Amino acid sequence: MRTSLWTVHQSPICTEVLRIIPFGRIWSVVLSLVILSIFTLMTLTSVNAQQAGTDTPEQLVEKMKQGGYILYIRHAATDHSQADKDLTDLSKCELQRNLSAQGKEETKIMAMALAKLEIKVEKVITSPYCRCVDTAKIAFDRYDIVEDMRATFYTNEAETTHLGDYLKSELTKKPKAGFNTVLVGHTANLRDVTQVWPKPEGVVHVFKPLGEGGYEHLGRITPVEWAPLAGIN
């Protein structure tokens, strides 16, 4: 049997609600519920995007050993007592938030793990921010500093779009057979482009490039997971 909106409106429960709550108040409640529903949906979408890749760290290691993947490394842990003060010249590390002792140590362990697990890297591209350059310098013996990898949280709309397009392009490029490509960057860039939120600092998110067809997010490895993966005490 079909139940019309008028039937519901005339039901005893609805009548009682209308008697107790003023009509204007009801619309306020309805509007609040709608806004809450939209916010909840956005939150769930964000969570699902962050967890889009379901591969375990062990599975990711086996894939990276074969080569053909993009490793997006968020710069290692930083000293949050420092702050970015003047970014007009990114070679001036004293005016930026830099790696902490923890970040440097975790990066060394990651480098040891990559070598022990025989995960080969062909190319390393890093943001010009000192915390990214230092992460690349500690972990790899070679790297290219690329301006288009700089953080988007201080850029205007046109710059943000340009930097996003660059990152999208790099995520789709297939490395040389048997090797992987490393991108060292920031939270905002990866979040804006892929909806994947790279936390904590030093996390590695693994993507499978699909050429012009795009890319696939596979999963992540956090800094504390590298040592057990490689059997490092």
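Values quoted throughout were computed directly from the atomic coordinates according to the rules given, and no laboratory measurement underlies them. Given the structure is predicted, the values throughout are model-derived calculations rather than measurements. No Cβ is skipped: glycine too gets one built from the backbone with ideal geometry, and neighbour counts run over all protein chains shown.
Here is how the numbers come out for the structure above:
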| quantity | calculated |
| --- | --- |
| Check on T107, more than 29 Å from G211 (Cα to Cα), crowded, with 21+ Cβ neighbours inside 10 Å and polar (S, T, N, Q) | yes |
| Residue within segment 167-184 that is part of a helix (DSSP H, G or I), touching a Cys at 6+ places or on another chain (Cβ under 9 Å) and closer than 30 Å to D86 by Cβ present | no |
| The one condition in (1) within 15 Å of E122 (Cα to Cα); (2) among the hydrophobic types (A, V, I, L, M, F, W, C); (3) touching a strand residue (DSSP E or B) at 6+ places or on another chain (Cβ under 9 Å) that F207 fails to fulfil | (1) |
| Considering residues of segment 116-127 that are in a loop (DSSP other than H, G, I, E, B) and in contact with a Gly (Cβ under 8 Å, 6 or more places away or on another chain) only, the residue surrounded by the most Cβ atoms within 10 Å (Cβ to Cβ) | S127 |
| Hits in segment 174-232 (condition: among the aromatic types (F, W, Y) and in contact with a helix residue (DSSP H, G or I) (Cβ under 7 Å, 6 or more places away or on another chain)) | W197, F207, Y215, W226 |
| Criterion violated by A230 - all others in (1) surrounded by fewer than 21 Cβ atoms within 10 Å (Cβ to Cβ); (2) within 23 Å of L87 (Cβ to Cβ) satisfied | (2) |
| Candidate set: segment 198-233, residues that are in a helix (DSSP H, G or I) and charged (D, E, K, R); chosen: the one farthest from D79 (Cα to Cα) | E212 |
| Residue that is farthest from Q96 (Cα to Cα), among those in segment 115-132 that are touching a residue at least 40 places away in the same chain (Cβ under 8 Å) and among the aliphatic types (A, V, I, L, M) | L117 |
| Any hit, segment 88-105, residues being in a strand (DSSP E or B), more than 16 Å from L190 (Cα to Cα) and of a type in the set (D, E, K, R) | no |
| Residue count for segment 128-150, restricted to those that are assigned to a loop (DSSP other than H, G, I, E, B) and within 22 Å of K176 (Cβ to Cβ) | 5 |
| Residue match in segment 183-204 (condition: within 17 Å of L117 (Cα to Cα) and under 12 Å from the mean Cα position of the chain (by Cα)) | yes |
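Residues checked against (1) more than 19 Å from K63 (Cβ to Cβ); (2) surrounded by 18 or more Cβ atoms within 10 Å (Cβ to Cβ):
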position	(1), (2)
Y129	yes, yes
F153	yes, no
E159	yes, no
K174	no, no
T181	no, yes
V196	no, yes
